[in-house]
Amino acid sequence: MQLFWDAIVEAFRLLGSLNSYVFQVIGLSLEVSGSAVLIGLVIGIPLGLWLGLSRFPGRSLLVALVNTGMGLPPVVVGLFVLMMLSRRGPLGFLSLLYSPPAMVVAQVILATPYIAAITMSAVGSLPREARLQALGLGASRAQSILLVLREARVGVMTAVIAGFGAVISEVGAVMMVGGNIAGTDGNKTRVLTTAIVQESRMGHFGTAMALGLILLALAFTAMMLLTRVQEGSGARWMKS
Amino acid sequence: MSDGALEASGLVRTYDGRRVVDVEHMTVEEGRVVAILGPNGAGKSTLFRLLALLEAPDEGVITHFGRRVTARDTVARRRVAAVFQSPFLFQGKVSSNVAYGLRVRRVSRKETGLRVAKALELTGIAHLTAAEVKTLSGGEAQRVALARALVVEPSILFLDEPSSNLDVDVRRSFRRDLRSIVERLGTTVVLITHDRSEAFSLAQSVVLMRDGRIVQQGGVDEVYSRPKDAFVAGFMGARTIWRGVVARVSDGICSVRVDDRLMVEVVAEASTGDRVALAIRPEDVVLSFDASPEAPVATSVRNRWSGVVESMRMAGPLADIWIDLDGAAADSGPLHALVTRPSVQELSLAPGVRVTAGVKATAVHLLDETGEG
């Protein structure tokens with residue numbers, strides 16, 4: 001138990017000291033996961049809308065693929081991106097491997113299925129009349145889709161929460177394509193999850209614990225904010 | 001130049017290889033209220049979506065005011081508005097819902113406010129302007145949906161069973177107000193319904209549909225009094241449909257032999273030997289104490305048949321009575337009559353009681369025998 005106690009004490013000491021290494025890791029985590037979720041929204045929401053509103057041959061297969069995407073092991077995604085971006089890979093000429101953009105690419109692949117699948121479900125659960133009603137009042141196709149998105153906004157916020165949750169806490173993909181590079185300058189790729197792995201391996205349990213607490217606090221804060229937004233949308237709707 | 005607000009020709013819509021709409025031609029005149037009637041599965045709602053440009057047909061042409069239009073034609077869609085059976089109100093306030101059609105048309109905020117207020121006033125829900133849509137009753141929600149459609153001042157208003165989800169009392173007041181609004185605005189209205197009372201209370205013309213096809217179209221009185229076949233007659237309220245052969249024709253009155261001992265006299269044009277179908281509405285059957293049909297009576301009722309009450313069902317102030325007529329074959333089915341509750345008491349009607357049923361020759365409808373019952 002002494003080990004745990006020492007680690008917790010070290011964690012608070014580290015947090016209190018405003019260690020620049022810690023803040024650098026936090027910053028990169030937010031940058032990579034935030035970018036991945038934003039790109040995932042750009043891809044996942046239109047994909048979810050399309051699958052939720054359209055009926056076409058092969059749709060079931062696409063839906064199954066998107067749903068399967070939510071179960072993708074991060075390490076497999078990491079391996080796939082690693083092979084694509086490696087020097088001998090088809091995208092090797094981009095020289096992105098072991099850089100934050102490579103980590104973003106891997107996390108986009110992880111976040112997008114969550115965003116698409118939950119958006120699809122939210123949109124699909126609306127009555128068909130929602131879009132027809134918009135069209136029946138003179139909305140253009142685009143305006144009717146925006147209306148549907150607005151009506152399904154609680155579900156779409158859930159998609160954002162799920163997407164962010166999936167990437168902020170994953171370690172396999174960022175470890176493989178980022179390389180967990182620390183440093184004060186140049187191409188740093190160490191994020192909270194990979195830093196925890198690294199510090200644990202080195203026996204710095206206090207630092208690892210501190211980073212773990214920060215990761216938990218960060219995830220909690222982000223989820224709280226998103227949940228507030230989600231409940232705000234719902235509450236205004238459900239009021240009285 | 002056609003005065004049709006809406007015309008459809010050769011309209012076909014197929015789902016999974018099944019033609020759910022197959023309309024050769026239909027016209028809706030400007031300023032008229034037309035009800036598209038039919039049983040569930042007749043293709044009414046699909047036709048509604050096609051005519052309102054919410055869905056594209058596989059084949060066929062639709063014109064609005066002489067101009068060919070399609071579902072991709074946003075300008076054409078902005079000249080019409082649709083109200084659905086289950087009003088899907090958008091999250092937020094009533095005023096925001098009613099303003100939707102104006103917002104998508106980029107109408108100025110000031111004009112939007114004025115027109116929303118006017119539409120809410122017109123539909124009798126001005127007091128609900130700031131209400132959240134979740135707080136509304138079914139009747140209020142349907143009025144919001146109506147205001148939301150009227151606010152865009154549509155050239156054609158499409159209504160899909162607008163009152164069928166409402167309670168009886170709410171439905172009555174909604175229909176009354178809807179009729180008054182439509183009459184006041186003079187808007188062309190296409191009303192989809194399976195309820196003929198809704199059609200009768202609102203429409204001037206009806207289009208009868210079955211299996212995706214139009215069976216008969218015309219003025220309400222015309223279709224009601226001259227149903228084309230047994231299906232239309234049944235849908236317009238006739239419950240007794242008999243088949244027979246014209247035995248003789250004299251002075252414009254056809255005597256139709258339905259069974260060996262059952263003769264029906266009907267005012268219609270036909271020739272001896274024609275095979276025909278006959279339809280009788282229950283409200284046209286007059287019941288009296290049983291007396292010999294041959295006994296002289298001072299009445300213009302030419303058809304008088306004796307029979308026994310087979311069964312009866314009280315339905316509020318009225319009673320449905322089914323009578324087995326003497327001499328009628330079992331496959332002809334009983335005669336259905338609708339009488340008032342006081343008549344039930346006066347005649348002591350009960351299963352097994354003998355009665356005489358009378359029907360005027362003008363109240364029997366002679367139908368195309370090819371029609372299905």
The condition of being free of Cβ contacts under 8 Å to residues at least 60 places away in the same chain and of a type in the set (D, E) holds, among B:D260, B:D221, only for B:D221
Filtering the range B:148-164 for residues that are part of a loop (DSSP other than H, G, I, E, B) and more than 10 Å from chain A (Cβ to nearest Cβ) leaves a count of 6
Checked B:A8, B:A81 against criteria (touching a Pro at 6+ places or on another chain (Cβ under 6 Å) and part of a strand (DSSP E or B)); the one match is B:A81
When every residue in the range A:117-130 that is within 10 Å of another protein chain (Cβ to nearest Cβ) and of a type in the set (A, V, I, L, M, F, W, C) is compared, the one surrounded by the most Cβ atoms within 10 Å (Cβ to Cβ) is A:A130
If you check B:L89 against the conditions, is it more than 14 Å from every other protein chain (Cβ to nearest Cβ), under 28 Å from A:R153 (Cα atoms) and surrounded by 21 or more Cβ atoms within 10 Å (Cβ to Cβ)?
no
Of (1) in a helix (DSSP H, G or I); (2) surrounded by fewer than 19 Cβ atoms within 10 Å (Cβ to Cβ), B:V182 satisfies every one except (2)
The residue from B:V301, B:V359 that alone is surrounded by 16 or more Cβ atoms within 10 Å (Cβ to Cβ) and at pLDDT below 85 is B:V301
Qualifying residue in the range B:172-188 (condition: closer than 26 Å to A:E151 by Cβ and within 13 Å of chain A (Cβ to nearest Cβ))
no
Subset of the range B:30-58, residues among the charged types (D, E, K, R) and surrounded by 15 or more Cβ atoms within 10 Å (Cβ to Cβ), comes to B:E30, B:R32, B:K44, B:R49, B:E55
Those residues of the range A:143-169 that are without any contact (Cβ under 8 Å) to a residue 24 or more places away in the chain and more than 14 Å from A:S54 (Cα to Cα) come to a total of 4
All-but-one check, B:A42 against (1) within 14 Å of chain A (Cβ to nearest Cβ); (2) out of contact with any helix residue (DSSP H, G or I) (no Cβ under 7 Å at 6 or more places or on another chain); (3) of a type in the set (A, V, I, L, M), failing number (1)
Listed by range, helices (runs of 4 or more DSSP H) wholly within the range A:1-86 having at least 3 residues that are within 18 Å of the chain's Cα centre (by Cα) are A:20-53, A:59-69, A:74-85
Worksheet item: Does B:F231 satisfy being touching a strand residue (DSSP E or B) at 6+ places or on another chain (Cβ under 8 Å) and either within 26 Å of B:R49 (Cα to Cα) or assigned to a strand (DSSP E or B) (or both)?
Response: yes
If we ask which residues in the range B:76-86 are within 8 Å of chain A (Cβ to nearest Cβ) and of a type in the set (D, E, K, R), their number turns out to be 2
Checked pairs for the range A:20-39, first farther than 12 Å from A:K188 by Cα and among the hydroxyl-bearing types (S, T, Y), second modelled with pLDDT of 90 or more and surrounded by 15 or more Cβ atoms within 10 Å (Cβ to Cβ), C-beta under 7 Å and 6 or more apart or across chains, list as A:S33/A:Q107; A:S33/A:F164; A:S33/A:V167; A:S33/A:I168; A:S35/A:V104
Of the residues in the range B:49-75, those that are at the interface with another protein chain (Cβ under 10 Å from one of its Cβ atoms) and not acidic (D, E) number 8
The condition from (1) over 31 Å from the mean Cα position of the chain (by Cα); (2) within 12 Å of another protein chain (Cβ to nearest Cβ) that B:R109 misses is numbered (2)
For this session: Assess whether B:L102 counts as being part of a helix (DSSP H, G or I) and more than 10 Å from chain A (Cβ to nearest Cβ).
Result: no
Considering the range A:216-240, residues that are modelled with pLDDT of 75 or more and either surrounded by 13 or more Cβ atoms within 10 Å (Cβ to Cβ) or not in a helix (DSSP H, G or I) (or both), and then whichever is nearest to the other protein chains (Cβ to nearest Cβ), we arrive at A:V229
Exactly one of B:A119, B:A141, B:A130, B:A145 is more than 23 Å from A:V148 (Cα to Cα), within 14 Å of another protein chain (Cβ to nearest Cβ) and either among the aliphatic types (A, V, I, L, M) or assigned to a helix (DSSP H, G or I) (or both), and that one is B:A119
Residue set A:A166, A:A116; condition assigned to a helix (DSSP H, G or I), within 17 Å of the chain's Cα centre (by Cα) and at pLDDT below 90; output residue A:A166
Within the range A:5-19, the residues that are in contact (Cβ under 8 Å) with a residue 24 or more places away in the chain and either at positive phi or not charged (D, E, K, R) (or both) are A:A7, A:I8, A:V9, A:A11, A:F12, A:L14, A:L15
Selection from the range A:131-145 of residues surrounded by 19 or more Cβ atoms within 10 Å (Cβ to Cβ) and at the interface with chain B (Cβ under 7 Å from one of its Cβ atoms) yields A:L132, A:Q133, A:L135, A:G136, A:L137, A:G138, A:A139
Of the residues in the range B:27-52, those that are in contact with a Gly (Cβ under 9 Å, 6 or more places away or on another chain) and aliphatic (A, V, I, L, M) come to B:V28, B:A42, B:L47, B:L50, B:A52
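The values are calculated or read from the model by the stated rules, or taken from the named source; none is laboratory data. Since the model is a prediction, treat every value here as computed from it, not as a measurement. Note that each Cβ is placed from the backbone with ideal geometry, even for glycine, and that neighbours are counted across all protein chains shown.
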